[in-house]
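Trainee: Attaching a single structure in structure tokens format; questions to follow.
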Amino acid sequence: MKTYLVAALAALSLNLAVAVEVDGSKFDDRTRVGSSELVVNGAGIRKKAVFKVYAMALYLPGKHADAEGAVGARGAKRVSISLLRDLSAQQFVEALQEGMTSNHSEAEMAGLKDRLKQFSDALLALGEAKTGTSVVIDWLPESGTRLTVNGQVKGKDIAGEDFYKALLRIWLGRKPVQDDLKQALLGKAA
């Protein structure tokens, strides 16, 4: 009887491992970044016109329902993106750059310029990203912003938490790329 109970509990815990599904993309309810355990804060879909571009989830050390709390959360963080359509790396980079520019002054962008180029170059080296490609952007307090594509680290870690916060403002800033996606990442909408 004990064996069956243990097996049932193990099966139940496996079912709980995937807590969020967005348009067929599954995101774990918890993940580990470095030595930190993170929880999914929210997840949603990025749309451009009528097209679904990607599903994404935001992971933080604890839940935050307000944008500044999420951006300013102390410790490791993760943005997990699953592409829902084929994109060129150039399209992805241009969208990221546009999102950053919309949420930062010229002076702030000047301070981010070299690191944004380093991040963009790592993405451009991919050439293209097919449907189903996994893009993970982690903040590791001990080393910086890390880009991982389909499980492979791309480029070098980028120093400065201000850079990671600037990336987060693409989705959570005062002019987010999509309002309902911002709300979804804050756990307010599905």
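Laboratory data are not the source of any read-out in this text; all were calculated from the coordinates shown. No experiment lies behind these values; they were computed from the predicted model shown. All Cβ positions, glycine included, derive from the backbone under ideal geometry; neighbour counts span all protein chains shown.
Trainee: Once both axes come from the Cα atoms, what is the angle between helix 2-17 and the longest principal axis of the chain, in degrees from 0 to 90, rounded to 10?
Mentor: Helix 2-17 sits roughly 20 degrees off the main axis of the chain.
Trainee: Moving to a separate point now. Hey, what's the per residue convex hull volume over the C-alpha atoms of region 74-128, in cubic angstrom?
Mentor: Given the Cα convex hull of region 74-128, per-residue volume reads 111 Å³.
Trainee: Then there's this: For region 85-190, state which GluC sites (Glu not before Pro) are in a DSSP loop and have at most 10 other beta carbons lying within 10 Å of their beta carbon.
Mentor: Sparse-neighbourhood loop GluC sites (Glu not before Pro): 142.
Trainee: Hey, could you grab the Kirkwood Rh for region 18-185? Inverse mean 1/r over distinct alpha carbon pairs, Å, one decimal.
Mentor: 15.8 Å
Trainee: So how far, in whole Å, is the C-alpha centre of region 127-186 from the one of region 74-115?
Mentor: Going from one Cα centre to the other spans 7 Å.
Trainee: Pairs 26/154; 63/154; 63/117; 48/130; 113/182; 117/165: which exceed 20 Å Cα-Cα?
Mentor: Over 20 Å Cα-Cα: 26/154; 63/154; 63/117; 113/182.
Trainee: Taking only Cα atoms and a 10 Å spring cutoff, compute GNM fluctuations for the chain and point out the largest among 73, 110, 43.
Mentor: Ranking 73, 110, 43 by mean-square fluctuation puts 110 first.
Trainee: Continuing with the same structure: Considering amide H positions built from the backbone, and no H for Pro or chain starts, which residues 5 or more places from residue 33, or on another chain, come under 5 Å of its amide H?
Mentor: 38
Trainee: Further question on the same structure: Given a 10 angstrom Cα cut-off, can you work out which residue in 100, 56, 109 is the most mobile in a GNM of the chain?
Mentor: 109
Trainee: Rounded to whole Å and sorted largest first, what semi-axes of the equivalent ellipsoid does the C-alpha gyration tensor of region 112-180 yield via the square root of 5 times each eigenvalue?
Mentor: Value: 19, 17, 12 Å, ordered largest first.
Trainee: Going toward the positive end of the dipole of the chain, with +1 on Lys and Arg Cβ and -1 on Asp and Glu Cβ, which of 160, 132, 99 do you reach last?
Mentor: Of the listed residues, the answer is 132.
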